[in-house]
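This report refers to the structure that appears directly beneath it.
Every read-out reported here was derived from the displayed coordinates using simple, explicitly stated rules and does not represent laboratory data. As the structure is a computational prediction, the values presented were derived from the model and not from experiment. For neighbour counting, all protein chains shown are included, and Cβ atoms are generated from backbone atoms with ideal geometry for every residue, glycine included.
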């Protein structure tokens, strides 16, 4: 086990996962946590990364920095996703080795697994078939990170571990509807629908200022429009809709993990001296997107209709992780989906 004064670098500490890891480290008594903003250290700049790691020589490194998004972002920003993720993780992993950092935790994604592999998904299904086309650029970058960790362990004797989380959500998530994943997107849509029915113009404007532009079609559903200055205004001719529109058919099944549980798994890996390998991190339980939408609406308090837009892609039909490998070591997720969604919504509204 690392001493409590060990120097631990969390790359991506402002993101949803990185900030959760920092909270968990602090909760467990670790006080020497290295953090750098993008302005202080550009992880795409190889020279800057190498110099930083050589100067600081962290005892442990959590690789939580990544460029991420939902189906839309993955499919439309493919070049950016594969280039930036490959560059960031290559700089970090190689820089860690050059600085003498023996231990590192690389955070991947369940999208690394084949689109149609057996369920639940075991770690050894990796590279067993074609990837989901809508996010294969991001997945290939993450697979390269996993293989880079494995290769450095074999050649250089490092102790680099890879964790593959299921769909994450929680504090500091991204709610921009052009980039968000399904759960935060549903949470924001249900919240806006509730504000629309309440004719709460100040709340709708505050939401846009904080979380990004509200699409025109959604504004129409809220009974709103933009004035000549581009400001949101209540419409005299449009009534708010008692519905939310969800991408796809609602039939795909997904597993969701509260981000603080993910962070707890990271600390578990570090404190138990796990030196190599790939480990799935999840709950082992999944729900349909339709069931998820119902849970979100119940938590938000919006009692309306769920409309599914089947012209939009579903993505992978099902993604349920086999979490037995990590469970055999003694780690399990806690809490229920509805409880954690409620915590997330409280953070969202606060």
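Here are some notes:
- Between residue 310 and residue 350, the simple spin-label model (points 7 angstrom out along Cα→Cβ) gives 4.2 nm.
- Reciprocal of mean inverse Cα separation for the range 150-232 (Kirkwood radius, Å): 15.3 Å
- Contour excess over end-to-end distance, with Cα ends at residue 324 and residue 150 and 0.36 nm allotted per residue: 60.6 nm
- When the chain is treated as a GNM with alpha-carbon contacts under 10 Å, the residue of 329, 218, 86 showing the greatest mean-square fluctuation is 329.
- Estimated from the Cβ-Cβ distance and a Förster radius of 56 angstrom, the FRET efficiency linking residue 39 and residue 251 is about 0.85.
- Helix 16-27 and the longest principal axis of the C-alpha atoms of the chain enclose an angle of approximately 60°.
- The Kirkwood radius of the range 205-350, taken over pairs of alpha-carbon atoms, gives through the Stokes-Einstein law at 4 °C and 1.567 mPa s a diffusion coefficient of 71 µm² s⁻¹.
- Of interest is the spacing of the C-alpha centroids, which for the range 1-26 and the range 61-84 amounts to 21 Å.
- Reducing the range 181-198 and the range 243-304 to their Cα centroids gives an inter-centroid distance of 18 Å.
- Mean residue ellipticity, 222 nm, helices only, the chain: the sum of -39500 (n - 2.57) across DSSP H runs of n ≥ 4, divided by residue count and rounded to 500, is -13000 deg cm²/dmol.
- The range 84-227, relative contact order in percent, only Cα pairs under 8 angstrom and at least six apart counted: 22 percent
- 0 to 90° range, to nearest 10: angle between helix 259-271 axis and the chain longest Cα axis: 0 degrees
- For the chain, a Gaussian network of Cα nodes joined below 10 Å ranks 27, 332, 268 by mean-square fluctuation, and the top entry is 27.
- Percent of Cα-Cα distances greater than 14 Å, calculated over the range 226-285: 76 percent
- Given the alternatives [x] 68, 43, 37; [y] 78, 56, 36; [z] 52, 44, 40, Cα extents along the principal axes in Å as computed for this entry is given by [x].
- Mean separation of Cα contacts under 8 Å, 6 or more apart, over the residue count of the chain: relative contact order %: 19 percent
- Sorting the segments 187-199, 337-349 by their mean number of nearby beta carbons within 10 angstrom, highest to lowest, gives 187-199, 337-349.
- For the pair residue 178 and residue 235, label points projected 7 Å from Cα toward Cβ lie 2.1 nm apart.
- Distance-filtered residues of the range 154-195 - backbone nitrogen under 15 Å, label point 7 angstrom along residue 28 Cα→Cβ: 161-163
- Simple spin-label estimate for residue 48 and residue 227 in nanometres, 7 Å along Cα-Cβ: 4.1 nm
- Efficiency of FRET between residue 243 and residue 116 - r from beta-carbon atoms, R0 51 angstrom, step 0.05: 0.95
- Cβ-derived FRET efficiency at R0 25 Å, residue 76 paired with residue 200, nearest 0.05: 0.20
- Comparing mean-square fluctuations of 233, 185, 263 from a GNM of the chain with C-alpha springs under 10 Å, the top value falls on 233.
- Normalising the average separation of contacting C-alpha pairs (under 8 angstrom, six or more residues apart) by the number of residues puts the relative contact order of the range 253-350 at 44 percent.
- Stretchable slack from residue 90 to residue 213, in nm (0.36 nm times residue separation minus alpha-carbon distance): 41.0 nm
- The angle separating the long axis of helix 182-197 from the principal Cα axis of greatest extent in the chain is about 30 degrees.
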